[in-house]
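The values are calculated or read from the model by the stated rules, or taken from the named source; none is laboratory data. Everything quoted here is computed from the prediction, not taken from an experiment. Reconstructed Cβ throughout: ideal geometry from the backbone, glycine too, with neighbour counts over all protein chains shown.
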Amino acid sequence: MWRPPFLILCLVILFAAPAAAEAPLADAVHGFDGAHLPVWWAVPFSGLLLSIALLPLVAPSLWHHHYGKVALGWAVLIILPSLAHLGLAGTVQELVHVGVLEYLPFILLLLALFTVAGGLRLDGFFDGTPRSNLTALTVGTGLASITGTTGAAMLLIRPLIRANAWRSRRVHTMVFFIFLVANIGGSLTPLGDPPLFLGFLKGVPFFWPTVHLLAPMLVAGAVLLAAYFLVDLRLAAGDGPAPARPPKLLEGSVNFIFLGAIMGAVLVSGIWQGPVVLSLPGAEVTAQALMRDGTLVLITILSLLLTPRSARAANEFTWGPILEVAKLFAAIFVTIVPVLAMLKAGLDGPFAPIVQAVADRNGAPVPSAYFWATGILSSFLDNAPTYLVFFNLAGGDPIVLTTTLVSTLAAISAGAVFMGANTYIGNAPNFMVRAIAEEMGIRMPSFFGYLVWSCGILLPVFVLLTLIFF
């Protein structure tokens, strides 16, 4: 039975919400004041990251059977002191805000994309040869800015794994897939990655990333694709000739319609400014949010009902990967709240040195510093709010940022999108690709093992981008 931490938190909210709603407005505490939070508030988030990194290595059985409970334990270590710091009303408001406005849309979008892509069976389009794999990664990188990184990753990961089933070494293909399809490829439109969508909502023109991030994306993509092809060519030498490619087969094509509907629902929800339809302690649910989330739930149900069972069976579709993401990211969303509050406090908060590092002596923004600061934090924090923090730190005026400070905004955007590839938790599809690959028999690197891959391959690419563009 699935009992993710967030469902337990929902029970707390359910029983405590009436008390929070009845609390006088003047007495209610509205969120964490990051300027006055001691740095130990970041310990639960750090502990959760270390658990994700270390427990699968040192206690694999414990982690496999109880990772949801471990995640819940770290979340509780934020909730309990929050009760003392914010009071019952303030704590409930924070949980409702995070749960209803941030976590719920996040997990419903992933669930819809996971379900829809899991019903699309694509066979015979790839054969696992180096040239075919290069084509798959190139197509996925281009597709990511249209369907989003999660959509492109979920659409192509299973066909690519099946096509490479005869290969003796496949980990490198999964790692470069995460680099390119799950991250860097989504940098050209607001649909590609959540940070860019936030920028769009803040007033950045829709095609601004297409114009200003195209060159960095092409350079990074070309270098990584070339490196991948050379590595794959070398590793394929010992595998012999590829087996005969099966006939091309497309099953569950109705899910292409659902994929388009998901993209449309997300885009409309960002453009349409509807009225508030539901007021909760700490959250006001708007009509557009309700439309989007309701549409995602409906699409998920319709995909399950209308997709042939044979398509999901051939895809070895199970709920395991999405359940793992749901449990771990529920705790991440809770434990990250005070960390983001301290970061948003800027020069008044405990992370002031980071804020000071992105400006020169005259207070002018340094694009290269913004690129690395945004990127490094996006590797471990949610890249969407991290983007927003540095967007506001750079002035927050979309007209200025898209004209006078165009290099600064490009650096912030590229850092948030590109460096999400640095860790498994830097972007949600990273974790999902890892979970699906392991479920389909590929032994993926550990948290730190993946860091070795990303540091060895990505960091030199990012240094190159800094020298050329930032």
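Of the residues that sit in region 151-197 and are of a type in the set (Val, Ile, Thr) and more than 14 Å from the chain's Cα centre (by Cα), which one is farthest from residue 222 (Cα to Cα)?
161
Looking at 381, 328, 388, 340, can you tell me which residue is more than 19 Å from residue 95 (Cα to Cα) and hydrophobic (A, V, I, L, M, F, W, C)?
It is 388.
What number of residues within region 336-354 satisfy the criterion of being surrounded by fewer than 18 Cβ atoms within 10 Å (Cβ to Cβ) and either of a type in the set (A, V, I, L, M) or touching a residue at least 60 places away in the same chain (Cβ under 8 Å) (or both)?
3
State all residues of region 396-407 that are under 16 Å from residue 200 (Cα atoms) and of a type outside the set (A, V, I, L, M); if no residue qualifies, say none.
Within region 396-407, 396, 397, 398, 402, 403 qualify.
Under 8 Å between Cβ atoms, at least 6 apart or on separate chains: pull out the pairs that start in region 305-320 with a residue that is part of a loop (DSSP other than H, G, I, E, B) and end on any residue that is polar (S, T, N, Q).
Listed by first residue and then by second, the contacts come to 307/255.
For region 269-282, state whether one or more residues are more than 26 Å from residue 415 (Cα to Cα), aromatic (Phe, Trp, Tyr) and modelled with pLDDT under 90.
Yes; the residues of region 269-282 include at least one that is more than 26 Å from residue 415 (Cα to Cα), aromatic (Phe, Trp, Tyr) and modelled with pLDDT under 90.
Which residues, counting only those in region 259-296, are loosely packed, with under 13 Cβ neighbours inside 10 Å, under 22 Å from the mean Cα position of the chain (by Cα) and of a type in the set (A, V, I, L, M)?
271
Given the condition touching a helix residue (DSSP H, G or I) at 6+ places or on another chain (Cβ under 6 Å) and farther than 30 Å from residue 79 by Cβ, answer yes or no: does some residue in region 314-326 qualify?
Taking every residue of region 314-326 in turn, at least one turns out to be touching a helix residue (DSSP H, G or I) at 6+ places or on another chain (Cβ under 6 Å) and farther than 30 Å from residue 79 by Cβ.
Quickly run through region 442-456 and pick out the residues that are more than 20 Å from the chain's Cα centre (by Cα) and in contact (Cβ under 8 Å) with a residue 60 or more places away in the chain.
Of everything in region 442-456, those that are more than 20 Å from the chain's Cα centre (by Cα) and in contact (Cβ under 8 Å) with a residue 60 or more places away in the chain turn out to be 442, 443.
Would you check which residues across region 416-436 are of a type in the set (Val, Ile, Thr), out of contact with any Ser or Thr (no Cβ under 6 Å at 6 or more places or on another chain) and under 24 Å from residue 466 (Cβ atoms) and list them?
Answer for region 416-436, where residues must be of a type in the set (Val, Ile, Thr), out of contact with any Ser or Thr (no Cβ under 6 Å at 6 or more places or on another chain) and under 24 Å from residue 466 (Cβ atoms): just 425.
If you take just the helices (runs of 4 or more DSSP H) that sit entirely in region 1-96, which of them hold at least 3 residues that are over 23 Å from the mean Cα position of the chain (by Cα) and modelled with pLDDT of 85 or more?
So the answer is 60-96.
Do we have any residue at all in region 56-65 that's closer than 30 Å to residue 301 by Cα and not β-branched (Val, Ile, Thr)?
Yes.
Do we have residue 384 as touching a Leu at 6+ places or on another chain (Cβ under 7 Å), within 30 Å of residue 54 (Cβ to Cβ) and either outside any loop (DSSP other than H, G, I, E, B) or not hydrophobic (A, V, I, L, M, F, W, C) (or both) here?
yes
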